[in-house]
Amino acid sequence: MSQMHAPHNPFDAARFVSQRAGAIDASGIRKVFDLAAKLKDPINLSIGQPDFDVPDPVKQKAVQAIDAGHNRYTPTQGIPELLQAVRAHEKIDGRPDTGALVLAGTSAGILLAALATLNPGDEVLFLDPYFVMYKHVPKLADAVPVPVDSYPDFRLHPERLEKAVTGRTRMLVLCSPANPTGITLSPEELHAAADFAKRHGLLVISDEIYDAFCYGPHHSIAPLLPGQCLVLKGFSKTYAMTGWRLGYAVGPAAIIEQMTKLQQYTFVCAPSMAQTAALETFIPGRVDMSNDVAAYRRKRDRMLEGLQDCYEIQKPGGAFYIFPKAPRGLTGSEFVRQAIENNLLIIPGNVFSERDTHFRISYAASDRTIDRGIEALRKLAKG
Ligand code: PLP
């Protein structure tokens, strides 16, 4: 048989990258991971997920679910048993004005909420530093992300929100406990945010994915804004099942209905076996995460004790991150480059911010890794 050669193909696929995709820059974080791939046994304090494993009863239920044939599409909005458990947990039973939707991760909720509510040119407020999706997802809906600087204390400053609001502002996204700062919003801050949202008629998205990792009480803005707030919660962090892709949204029925419709034409449904397995987490006494959360609180304290005399740090009240200022007048990126040269993996603050002054540490790691990290960071503080 004669050798066949593919004809020269002049098709340039790169020309088909949309303006929408092209406008999203993921280079900051990619550079870190490219550098990281070259390190041998790095001190890895960059990971945004728990270092414990999925609780046994949940794992077993997932295996049983697969064996029992729960491998097909589920209803778009989620299996009825999980929806019922979510409604009971969120205390919205008997409230037809409030809907619930099971999601393929909280991320899916952020995207669907944006697609369901934002029109081109609408502006979306959120605090800077921010979780990366808050900046990029509005753009997917042709809306405009408006980060509101919260340095140096990372608190909610109502006067800064007032300054940022315009006639096009449509949405305020809050995250407490927050990624990447670990800051938890106080009842006073939530009241101020709720007043602000009411005065300007804004829809509030409350991302509460880290609600289980609160080292004081967890406060939500939702009760202050009936009918005006969409709450997003997830199983990823609480039960260490980031790869299972499961979360849920609870909020105004009119918006949940639109999100459900859009889910039907995008994600279709959340993973079926994960939905069945997640039922275990709602059975009283079946899964207890309190030891894991207590361990994370100790890890936070260990990190703070190890670093607070040589770094400028705002004490985090939750999640598993600390967001210190880079020392010696370095930018966050310069400092992270030096850290990586010293085998320490952390994330530069400009991945989560319009500023490049800080860096993110994740303490979702073993105590040994944390101690190695503290030692390396203490050396790096001096240069
Ligand atoms: N929201 C915040 C603040 C996060 O930090 C993350 C993940 O890092 C997510 C949402 C997405 O989580 P999920 O795995 O549920 O999509």
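The values are calculated or read from the model by the stated rules, or taken from the named source; none is laboratory data. These figures come from a predicted structure and were not determined experimentally. A quick note on method: Cβ atoms are made from the backbone with ideal geometry, for glycine too, and the neighbour counts reach across all protein chains shown. These area figures cover heavy atoms from the full protein model, side chains too; ligands, DNA and RNA do not enter into them. Shrake-Rupley method; radii C 1.70, N 1.55, O 1.52, S 1.80 Å.
Odds and ends about this structure:
- If the condition is being farther than 23 Å from ILE183 by Cα and open to solvent by 10 Å² or more (accessible area, probe 1.4 Å), then the stretch 229-249 contributes GLY243, TRP244, ARG245.
- Residue pairs whose Cβ atoms lie under 7 Å apart, separated by 6 or more positions or on different chains, with the first residue in the stretch 230-242 and on the phi > 0 side of the Ramachandran plot and the second aliphatic (A, V, I, L, M) and more than 9 Å from the ligand (Cβ to nearest atom), are ALA240/VAL54.
- Scanning the stretch 201-218 for residues that are part of a strand (DSSP E or B) and over 21 Å from THR117 (Cβ atoms) gives a single hit, CYS214.
- Members of the stretch 173-200 found to be within 16 Å of the ligand (Cβ to nearest atom) and either in a helix (DSSP H, G or I) or not hydroxyl-bearing (Ser, Thr, Tyr) (or both), listed by number: VAL173, LEU174, CYS175, PRO177, ALA178, ASN179, PRO180, GLY182, ILE183, LEU185
- Restricting the stretch 22-39 to residues that are in a loop (DSSP other than H, G, I, E, B) and free of Cβ contacts under 8 Å to residues at least 60 places away in the same chain, the residue that is most open to solvent (accessible area, probe 1.4 Å): LYS38
- When restricted to residues that are within 16 Å of the ligand (Cβ to nearest atom), assigned to a helix (DSSP H, G or I) and either closer than 16 Å to ALA222 by Cα or among the β-branched types (Val, Ile, Thr) (or both), the stretch 65-108 contains 2.
- Of the residues LEU82, LEU115, the single one that is open to solvent by 20 Å² or more (accessible area, probe 1.4 Å) and at pLDDT 95 or above is LEU115.
- Of the candidates GLN19, GLN60, GLN77, the single residue that is surrounded by 11 or more Cβ atoms within 10 Å (Cβ to Cβ) and either on the phi > 0 side of the Ramachandran plot or out of contact with any Leu (no Cβ under 9 Å at 6 or more places or on another chain) (or both) is GLN60.
- Inter-residue pairs, beta-carbon under 6 Å, first more than 22 Å from ARG360 (Cα to Cα) and in the stretch 159-188, second among the small types (Gly, Ala, Ser), 6+ apart: ARG168/GLY121; LEU172/ALA197
- Here ASP149 meets each of (1) within 20 Å of PRO316 (Cβ to Cβ); (2) within 16 Å of the ligand (Cβ to nearest atom); (3) more than 15 Å from the chain's Cα centre (by Cα) with one exception, condition (2).
- Residue check, LYS135 within 15 Å of the ligand (Cβ to nearest atom), over 30 Å from PHE282 (Cα atoms), open to solvent by 20 Å² or more (accessible area, probe 1.4 Å) and of a type in the set (D, E, K, R): yes
- Count - residues of the stretch 118-132 that are in contact with an Asp or Glu (Cβ under 9 Å, 6 or more places away or on another chain), more than 18 Å from LEU230 (Cβ to Cβ) and open to solvent by 20 Å² or more (accessible area, probe 1.4 Å): 2
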